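For reference, the structure discussed in these notes is given below.
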Amino acid sequence: MPLEIVTVPCLTDNYAFLAHDPETGATAVVDAPEAGPILSALEERGWRADLVILTHHHGDHVQGLADIMDAHHAKVAGPADDVHRLPALDMQLAEGDEIEIGAERGRVIEVPGHTTGHIAVHFPESGIAFTADSLMALGCGRVFEGTMDQMWASLSKLAALPPETMICSGHEYTLANGKFALSVEPGNADLISRMEETEKARADGRPTVPSRLGLELATNPFLRAASPDIRETIGMPDASDADVFAELRRRKDEF
Ligand code: ZN
Ligand code: FE
């Protein structure tokens, strides 16, 4: 039975997720931006959190942890590389490590770039990946700590997951991301219709996260460095994919 996923809006534009295994009742919380909405989402369903997975050290992903732990006796897992700047971890995670939510096993993917220690976790059976501020809906996290090459390599690993994978990312930035995407690939029909959907969803107050990887591959400029249209728009017809990505990321920072 696949994991049941709940998207929990937190703060102004953050997302946390609940991942619940209906067979065993095990429940994980992915990221802890704000305790209130996460505790209510658990309570409404009568779920006990037994695991919290932290994707990276930024305050808007960890600051709700203490209050969640006051109410739930959960183990805390997070990136081994960031153990010195994260709350106390029961499990330190690195590339290839496995982590279980009830009967389902996830695999850890190191995705440095936004921060040097950022991790993603892929649950192949349920077809879900938690990517926080690495791969995002129509975008990717800003490259604060790692290099552009690292971020490109991280996104390339995620791009290689099965296209039906649901990408559970950390923020509702899709509308702003899409405006940038259209500026570099204005003729992309999939992108145009995705933006129409996005505008409708946001007008109705619906989250646009999670999103399917296949749709990201077709519309997210940060996965589309090979696109001839994008290369033409930015005047880099013969550059490497990594260099096109870096230029796109720089342009987005100033968009
Ligand atoms: Zn972040
Ligand atoms: Fe964030």
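The values are calculated or read from the model by the stated rules, or taken from the named source; none is laboratory data. The structure presented is a predicted model; accordingly, all values stated were derived computationally and were not measured. So basically every Cβ, Gly included, is an ideal-geometry build from the backbone, and we count neighbours across all protein chains shown. What goes into the accessible areas is simple: the full protein's heavy atoms, side chains included, and nothing from ligands, DNA or RNA. Shrake-Rupley method; radii C 1.70, N 1.55, O 1.52, S 1.80 Å.
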From the mean inverse distance of alpha carbon pairs (Kirkwood) and the Cα radius of gyration, derive Rg over Rh for segment 186-255. 1.02
Between helix 148-159 and the chain: long-axis angle, C-alpha atoms, 0 to 90°, nearest 10: 70
In whole Å, what is the distance between the alpha-carbon centres of segment 158-187 and segment 213-246? 12
Just want the answer: with Cβ charges of +1 for Lys and Arg and -1 for Asp and Glu, which residue in T116, C168, G178 is farthest toward the dipole's positive end in the chain? G178
To the nearest 20 debye, what is the magnitude of the charge dipole of segment 111-223 about its Cα centre, counting +1 on the Cβ of each Lys and Arg and -1 on the Cβ of each Asp and Glu? 100
Where only protein heavy atoms count, and the probe is 1.4 Å, what is the accessible area per residue for the chain in Å²? 42
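If you take the square roots of the eigenvalues of the alpha-carbon gyration tensor of segment 69-108 and sort them as a ≥ b ≥ c, do you get rounded (a/c under 1.5), prolate (a/b over b/c) or oblate? The partial results should precede the final answer.
Details: a/c = 3.88, a/b = 1.07, b/c = 3.64.
Cα axes put segment 69-108 in the oblate bin.
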From the backbone phi of segment 234-246, what are the Karplus-calculated ³J(HN,Hα) couplings (6.51 cos²θ - 1.76 cosθ + 1.60, θ = phi - 60°) in whole Hz, Gly and Pro given as x? 9, x, 10, x, 10, 6, 6, 4, 4, 6, 5, 4, 4
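Packing-wise, with mean Cβ within 10 Å as the measure, how do 115-126, 9-20 rank, highest first? Display every interim value, and only then the final one.
On the way: 115-126: 22.2, 9-20: 20.2.
Final packing ranking: 115-126, 9-20.
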Size of charge dipole - the chain - debye, nearest 20, with Cβ of Lys, Arg +1 and Asp, Glu -1, no other charges: 400
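I need to check one value: relative contact order of the chain, counting alpha carbon pairs closer than 8 Å and at least 6 residues apart, in percent.
Values: 532 pairs, mean separation 34.6, N = 255.
This gives 14 percent for the chain.
Roughly speaking, to the nearest percent, how much of the chain's 1.4 Å accessible area is carbon and sulfur?
Working: 5250 of 10580 Å².
Using a 1.4 Å probe with all protein chains present, the chain comes out at 50 percent carbon and sulfur.
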Folded to 0 to 90 degrees: helix 189-203 orientation relative to the chain principal axis, Cα: 40
Debye intensity ratio I(q)/I(0), log10, segment 178-220, q values 0.16, 0.17 Å⁻¹ (C-alpha model): -0.39, -0.44
Hey, what do the phi angles of segment 82-92 turn into as Karplus ³J(HN,Hα) couplings, whole Hz, using 6.51/-1.76/1.60 and θ = phi - 60°, x for Gly and Pro? 10, 4, 6, 10, 10, x, 3, 9, 8, 9, 9
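Would segment 34-104 count as rounded, prolate or oblate if I go by the C-alpha gyration tensor, calling it rounded below 1.5 in a/c and otherwise prolate when a/b exceeds b/c, oblate otherwise?
Details: a/c = 2.29, a/b = 1.33, b/c = 1.72.
Because a/c hits 1.5 or more and a/b fails to exceed b/c, segment 34-104 counts as oblate.
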Shape category assigned to segment 116-177 from the gyration tensor of Cα positions, a/c cut at 1.5: oblate
What is the mean projected area of the alpha carbon convex hull for the chain, to one decimal in square nanometres? 12.7
Projecting the Cα atoms of A74, S156, Q92 onto the charge dipole of segment 4-254, where Lys and Arg contribute +1 and Asp and Glu -1 at Cβ, the residue farthest towards the positive end is S156
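Tell me the mean residue ellipticity at 222 nm calculated for the chain from its helices only (DSSP H runs of n ≥ 4, each -39500 (n - 2.57), averaged over every residue, nearest 500).
The helix contribution divided over the chain gives -10000 deg cm²/dmol.
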